[in-house]
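> Quick one: this structure, given as structure tokens, is what I'll be asking you about.
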Amino acid sequence: MAFRKVCTLDDLWEGEMASFDVEGHEVLLVWPEGGDVRAFQGVCPHQDIPLEEGKFDGKVIMCRAHQWTFDAGTGKGINPGDCRLAEYPIQISGNDILVETEGVTPLFAHS
């Protein structure tokens, strides 16, 4: 595995999300309130809309286009519940956030 530095903990605070291009993958970093930093596919599995353009309330990610929602701690779909976001492995090294993209493919759902 080849983890790549994406940003630092100073660039992403608890309760925030930010999108990054990591080796051709659109990766959404989220830091759920009371949880750990997670890395998910950066596009909605519904219609490939960038999730960074949506909303994040510290617990739930919402796509701006059709209000699909996802649990920021697991990537599991809330509405609808039969979809999910692909998750990338993540490491925290000192103050650096590193992500591995190899072997992860974004998921797409029904329309």
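> Taking the Cα atoms of the chain, report the difference between the largest and smallest coordinate on each principal axis, in whole Å and largest first.
Over the chain, Cα extents along the principal axes are 39, 28, 19 Å.
> Can you sort Ser93, Ser19 from fewest to most other Cβ atoms within 10 Å of each residue's own Cβ?
Ser93, Ser19
> For labels at Leu9 and Leu107 in the simple 7 Å Cα→Cβ model, what's the distance in nm?
Spacing of the two 7 Å Cα→Cβ label points: 2.9 nm.
> A further question follows. Taking neighbour Cβ counts within 10 Å as the exposure measure, how do Phe70, Phe20 sort from fewest upward?
If I rank by nearby Cβ atoms, fewest first, I get Phe20, Phe70.
> Then there is this: Give, rounded to the nearest 20 debye, the magnitude of the charge dipole that the stretch 59-111 has about its Cα centre when Lys and Arg contribute +1 at Cβ and Asp and Glu contribute -1 at Cβ.
In total the dipole reaches around 300 debye.
> Let me ask something else. What length, rounded to one decimal in nm, is gained on full extension from Glu53 through to Asp21, with 0.36 nm per residue of separation minus their alpha-carbon distance?
Full extension of this stretch gives 10.0 nm more.
> Let me ask something else about it. Below 8 Å, C-alpha to C-alpha, sequence gap of six or more: please give me the relative contact order for the chain in percent.
28
> Just checking the chain: which Cys have no other cysteine's beta-carbon under 4.7 Å?
Cys7, Cys83
> Tell me the volume per residue, in Å³, of the convex hull enclosing the alpha carbons of the stretch 1-54.
With only Cα atoms used, the stretch 1-54 gives 97 Å³ per residue.
> Using the 10 angstrom Cβ neighbour count as an exposure proxy, how do Thr105, Thr74, Thr69 rank, fewest first?
Final ranking by Cβ density, sparse to dense: Thr105, Thr74, Thr69.
> Give the residue from Gly54, His25, Thr8 lying farthest towards the positive end of the charge dipole for the chain; charges sit on Cβ (+1 for Lys and Arg, -1 for Asp and Glu) and the dipole is referred to the Cα centre.
So the residue furthest toward the plus end is Gly54.
> Aspartates and glutamates within cross-link reach of Lys59: Cα-Cα under 18 Å, excluding same-chain residues under 8 positions apart?
Candidates past the 8-residue exclusion: Glu14, Glu16, Glu33, Asp36, Asp71, Glu87.
> Treat every Asp and Glu Cβ in the stretch 4-99 as -1 and every Lys and Arg Cβ as +1, leave all other atoms uncharged, and give the resulting dipole magnitude about the Cα centre to the nearest 20 debye.
In debye, rounded to 20, the stretch 4-99 gives about 240.
> Once the cut-off is 15 Å, how many percent of the Cα-Cα pairs in the stretch 24-69 end up in the long-distance tail?
38
FYI, it's all coordinate maths here, none of it is from the lab. Small disclaimer: the values here were computed from a predicted structure and weren't measured. Virtual Cβ from ideal backbone geometry, glycine too; neighbours counted across all protein chains shown.
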